[in-house]
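What follows is a set of notes on a single structure, which appears directly below.
The values are calculated or read from the model by the stated rules, or taken from the named source; none is laboratory data. Model, not experiment: these values are computed from the prediction. Glycine gets a Cβ as well: all are built from the backbone with ideal geometry, and neighbour counts include every protein chain shown.
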Amino acid sequence: MQYRTLGKTGLSVSVIGIGALQMGNCTLEETKTILKEAHEGGINYIDTARAYNESETRLGQALKELGLRKDFILSSKVIKRDLPSFQNDFETSLKNLQTDYLDIFFIHDVSTAANWNAIQKNGILDYALELKRQGRIRHLGISTHDCQIGEQIIKTGLFEVAMLAYNPTNLEVEDTLFPLCQSYDMGIVIMKPYGGGILTEARSAQMGFSITAEEALRFAASNPYVSCVIPGTDRLEYVRLNIAVGSSLLSMSSDERKKIIEKIDIKVKDYCRGCGYCLPCVKNIPIPTVLKLYNRWQVFGGTDWSKMHQITEEYTSSVPDSQTADHCIGCGQCTKRCPFNLPIPDLMKAASANLRRYTSSK
Ligand code: SF4
Ligand code: SF4
């Protein structure tokens, strides 16, 4: 396993870590097996978040039973924007993780000006800095999907680590936040190396996304600005891939990078990454589910009747009648939260006009 220094934290992190978003779906025994194998393979960084449901609880118990808490650099994140809820979530994170400190604590997904203002105005930033003075967090980080807001935050000089989305479909950070972070000696942790799953899922190949998980990991980790990449890791085969890639020669020529980028030929306009940041919808529309189906309709519409049948079936079974796209009132609350600036109300209209449902559900 190769290690890199995480900016001014001075921490030596494995170049591939563990993203634990889905760890809550694993049993305790599965979690312990994954963590044990990761530890033996030299992985020393795990990232979770209060928003990841049972992930913290599972990790906390597994690390305790394995006696490995201190062997890992452990980070968590809190997304609340009012101080009492933020404080409450921080305490819950420590309790769930069965620890009295976090190696890195991120203020989670600060991607809009309104969010960044709230964090400063509501005392959250002061609280996070106080946690650091008290030693309850060792280092303070920020996660963001927006380069302009990210730039403002980084320039405060208050943060030591940035968690950024980076993959062959999302290259904006390369020329913007990467060099800026370096000039502030901040460590860079990469989330979404698989584009939230779209780059490597079998169904995505039909939509023009067709690179291997190994290529995606090597793409992110071979960038010299990057300290650590945290792919979602909730299966033993994933942790084995992480170890194999992190232990291999991590260089990629500009030709090879170009070829990987060129392999991805997105056939869908306004492609939804399924990240869910737009939620909740005021009318309870499951926006990522509707858009996933609408994106598929855009690819297959009118050409592949068996796929069209599947889309109609899935729309009927997975979206209740009371939460379909035609319930959208166009309030635009979701659009403000979408890191990819998708015109969600327009897409809901288009989905409503094109997606079909089986009447037997009514
Ligand atoms: S614009 Fe439509 S989809 Fe978005 S929050 Fe409002 S009702 Fe929901
Ligand atoms: S609409 Fe935007 S925020 Fe919502 S899931 Fe899709 S990409 Fe993510």
Fill in the blank from the handout: Restricting the stretch 267-326 to residues that are on the phi > 0 side of the Ramachandran plot and at pLDDT 80 or above, the one surrounded by the most Cβ atoms within 10 Å (Cβ to Cβ) turns out to be Asp270
Practice task
List the number of the failed condition for Met23; all other conditions in (1) over 22 Å from Gly246 (Cα atoms); (2) crowded, with 16+ Cβ neighbours inside 10 Å hold.
Solution key: (1)
Practice task
Please find, among Arg50, Arg58, the residue that is touching a Gly at 6+ places or on another chain (Cβ under 6 Å) and among the charged types (D, E, K, R).
Solution key: Arg58
Fill in the blank from the handout: Per the filter on the stretch 179-218, residues within 30 Å of Trp297 (Cα to Cα) and modelled with pLDDT of 85 or more are Met191, Lys192, Pro193, Tyr194, Thr212, Ala213, Glu214, Glu215, Ala216, Leu217
Fill in the blank from the handout: Subset of the stretch 122-156, residues polar (S, T, N, Q), closer than 24 Å to Asn170 by Cβ and in contact (Cβ under 8 Å) with a residue 40 or more places away in the chain, comes to Ser143
Completion exercise
Taking the stretch 9-28 and keeping only residues that are touching a strand residue (DSSP E or B) at 6+ places or on another chain (Cβ under 7 Å) and not polar (S, T, N, Q), one is left with Leu11, Val13, Val15, Ile16, Gly17, Ile18, Gly19, Ala20, Leu21
Practice task
Determine, yes or no, whether Ile73 is buried (at least 16 other Cβ atoms within 10 Å of the Cβ), closer than 18 Å to Glu237 by Cα and either touching an Asp or Glu at 6+ places or on another chain (Cβ under 6 Å) or not charged (D, E, K, R) (or both).
Solution key: no
Handout entry: Filtered residue count, the stretch 2-20, keeping only those that are crowded, with 18+ Cβ neighbours inside 10 Å and polar (S, T, N, Q)
Key = 2
Fill in the blank from the handout: Note on the stretch 320-344: residues over 24 Å from Cys147 (Cα atoms) and either within 13 Å of ligand 2 (Cβ to nearest atom) or part of a helix (DSSP H, G or I) (or both) are Asp321, Ser322, Gln323, Ala325, Asp326, His327, Cys328
Problem - the stretch 267-298, residues that are among the charged types (D, E, K, R) and more than 8 Å from ligand 1 (Cβ to nearest atom) - result: Lys267, Lys269, Asp270, Arg273, Lys292, Arg296
Exercise for the section: Please name all residue pairs, on different chains or six or more residues apart, with Cβ atoms under 7 Å, provided the first residue is in the stretch 271-291 and is touching a residue at least 12 places away in the same chain (Cβ under 8 Å) and the second residue is near ligand 1 (Cβ under 8 Å from one of its atoms) and in a loop (DSSP other than H, G, I, E, B). Expected result: Val282/Cys331; Lys283/Cys328; Lys283/Ile329; Ile285/Cys328; Ile287/Cys278; Ile287/Cys281
Practice task
Being closer than 18 Å to Pro168 by Cβ, more than 12 Å from ligand 2 (Cβ to nearest atom) and not polar (S, T, N, Q) narrows it down to one of Lys258, Lys269, so name that one.
Solution key: Lys258
Practice task
Taking the residues in the stretch 327-347 that are on the phi > 0 side of the Ramachandran plot and under 26 Å from the mean Cα position of the chain (by Cα) as candidates, determine which candidate is surrounded by the fewest Cβ atoms within 10 Å (Cβ to Cβ).
Solution key: Asn341
Fill in the blank from the handout: The number of residues in the stretch 33-48 that are closer than 17 Å to Thr99 by Cα and either surrounded by fewer than 22 Cβ atoms within 10 Å (Cβ to Cβ) or in contact with a Ser or Thr (Cβ under 9 Å, 6 or more places away or on another chain) (or both) is 5
Problem - Wholly within the stretch 1-116, helices (runs of 4 or more DSSP H) carrying at least 1 residues that are in contact (Cβ under 8 Å) with a residue 24 or more places away in the chain and touching a His at 6+ places or on another chain (Cβ under 6 Å) - result: none
